[in-house]
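Notes for the one structure printed next.
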Amino acid sequence: MAKNADKRFTKEHEWVMLDGDIATVGITDHAQEQLGDLVHVELPELERAVVEGESCAVVESVKAASDIYAPLAGKVVEINETITEDPSIVNSDAEGEGWFFRLELEDPDVFEALMDQDAYDEYLETL
Amino acid sequence: MALLTEFCVAQNALPDDPTPAPLHTTPLDQWHRKHGARMVPFAGYAMPVQYDLKGDLAARCKGGVMAEHLHTRAHAGLFDVSHMGQAMLTGPNVAMALETLVPGDIIGLKPGRQRYTLFTNPAGGIIDDLMVAKLADDRLFLVVNASRKDVDFAHLAENLSETLTVMENRALLALQGPEAATVMARLSPEAAALPFMGIVATKIAGVDCLVSRSGYTGEDGFEISIPAAEAEAIADALIQQPEVVPIGLGARDSLRLEAGLCLYGNDLDELTSPIEAGLTWVIGKRRKMNWDFPGGMVMRDQLDNGPVRRRVGIRPDGRAPARGQTTIVAEDGTEAGLITSGGFGPSVNGPIAMGYVRKDLAADGTRLNLIVRGKTIPATVVPLPFTPHRYIR
């Protein structure tokens, strides 16, 4: 089985994993490396409805602030408050313990339209 | 993920400029890349913003803005600041001549000493901030900001008849931190013996250097001017010392912000006076007799009547940094001012900022509100610097 077969990616460097109609969202290892040491994370409010591409979280490194976008449309059903208390978890484990929030998707089928690991790796090569 | 702000944006160096001019490089360009630097455009130069250090250096410091910052405060860091402008101004009355453009006492500066000063304009604004060193009574060594060197050198050439020699083929390195003097003692005891703001022509590893005891971090340290061709050899000699690792512009910015030091283009500009900026100390005692420098009368009036706004230190509550250009409002909802530099202070371990506020809101302890991404973050006016200066005296 290919690496991260159950994970999808966006061009904005978010990753998504699907469990039923619940999508877990975070930023990719590439993204955390580009951002550098994170010092602050702002997560969306619970129950907030977001559309695909909507800015719904912010990460701040020592030198920059960046928007995090909702990769798919849905409702925020869980947020990872551990990373607001210790943002360095995102640097050490971006694609695991450093997840940001969970969305209840309007349409779980759109998940498959996102890039898989190979497509994302190819995309990174073009940057 | 999209970058909202980056510290280099303030200095004519937008990373996503659709038609970027080709970047200048410093003599250490390849050296930085070899040591794992991430290069970014800054003031028209490709500069290291941070390093992914390798080998022996990685054992000393893992690299990244946070680790590089903390390493500099604990040990010693090497900064390439070769993008800055270096020039020699010579002539029999050179000190008197320069005094027509700056508020500092240059005549009274002793040979072998350096001083921080400002080019000011007739409206009392700041054209640039710079270091002036007196090498001899007829010889001044100037170091100016990269982003302003064309403006500054044209300003000097236009207004002074003294000989201006721009030193194009020079590198400038800064060695900063509490262990900088220990390191320097091994390489040049003469330089290590300098007092704060002293300057000496000496040799490091057989190379003729001009070394001053100064810097931009709030720590003890040295700035080393050398021929471009020798830059790699000197940088290598410095990082062979166990206390030293290379440090990027990211940490340079967070270090100077914690030290409460101004960045031209952010905290100082042609519409900001030295009085507003809290740089009144730059005006020499003797110069306050006649106020005979550009904008002198404006500054005297501001001192007598109080400036309408003042530069202050600001501590946002919580953990969210408030960056440059953040709007500041008073507790009563009225407009209060603007943050000019802001970010996260690794040694402070929290968000820090500097900005200009109305004079009635400038007292330490004043509560303010910052508007960050549409949300209100409460903050407090605090004394500068955020981390105490540790200059050798």
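Please enumerate the residues belonging to the range B:175-188 that are closer than 24 Å to residue B:139 by Cβ and surrounded by fewer than 23 Cβ atoms within 10 Å (Cβ to Cβ).
Residue satisfying the conditions is B:188 alone.
Cβ-Cβ distance below 8 Å, separation of 6 or more or different chains: which pairs start in the range A:20-38 with a residue that is under 20 Å from residue A:85 (Cα atoms) and end on one that is in a loop (DSSP other than H, G, I, E, B) and of a type in the set (Asp, Glu)?
Pairs found: A:26/A:95; A:28/A:95; A:29/A:95.
Scanning for something touching a Gly at 6+ places or on another chain (Cβ under 9 Å), in a strand (DSSP E or B), within 12 Å of another protein chain (Cβ to nearest Cβ) and not acidic (Asp, Glu), does the range A:104-120 turn up at least one residue?
no
Please pick out the residue among B:170, B:115, B:148, B:73 that is over 30 Å from residue B:241 (Cα atoms) and touching a residue at least 60 places away in the same chain (Cβ under 8 Å).
It is B:148.
For the range B:61-172, list the strands (runs of 3 or more DSSP E) that sit wholly inside it and hold at least 2 residues that are under 15 Å from the mean Cα position of the chain (by Cα) and modelled with pLDDT under 95; which are they?
On the way: elements: B:76-80, B:85-90, B:113-120, B:126-136, B:139-144, B:163-166.
Ranges flagged: none.
Go through the range B:264-277 and count every residue that is out of contact with any strand residue (DSSP E or B) (no Cβ under 6 Å at 6 or more places or on another chain) and within 14 Å of chain A (Cβ to nearest Cβ).
Matching residues across the range B:264-277 total 0.
Scan (1) under 14 Å from the mean Cα position of the chain (by Cα); (2) surrounded by fewer than 23 Cβ atoms within 10 Å (Cβ to Cβ) for the single condition residue B:223 breaks and write down its number.
If we test residue B:223 against (1) under 14 Å from the mean Cα position of the chain (by Cα); (2) surrounded by fewer than 23 Cβ atoms within 10 Å (Cβ to Cβ), just (2) comes out false.
Can you work out which of the residues in the range A:53-92 that are surrounded by fewer than 22 Cβ atoms within 10 Å (Cβ to Cβ), within 11 Å of chain B (Cβ to nearest Cβ) and among the polar types (S, T, N, Q) is farthest from residue A:40 (Cα to Cα)?
Result: A:55.
Pick from the range A:1-21 the residues that are out of contact with any Gly (no Cβ under 9 Å at 6 or more places or on another chain) and among the aliphatic types (A, V, I, L, M): which of them is modelled with the highest pLDDT?
The qualifying residue modelled with the highest pLDDT is A:18.
Confirm whether residue A:30 is facing another protein chain (nearest Cβ under 8 Å) and either closer than 27 Å to residue B:344 by Cβ or within 15 Å of the chain's Cα centre (by Cα) (or both).
Values: facing another protein chain (nearest Cβ under 8 Å): no; either closer than 27 Å to residue B:344 by Cβ or within 15 Å of the chain's Cα centre (by Cα) (or both): yes.
Taking the combined requirement at face value, the residue does not satisfy it.
The values are calculated or read from the model by the stated rules, or taken from the named source; none is laboratory data. These numbers come from a predicted model, not from an experiment. Note that we place each Cβ from the backbone using ideal geometry, even for glycine, and neighbour counts take in every protein chain shown.
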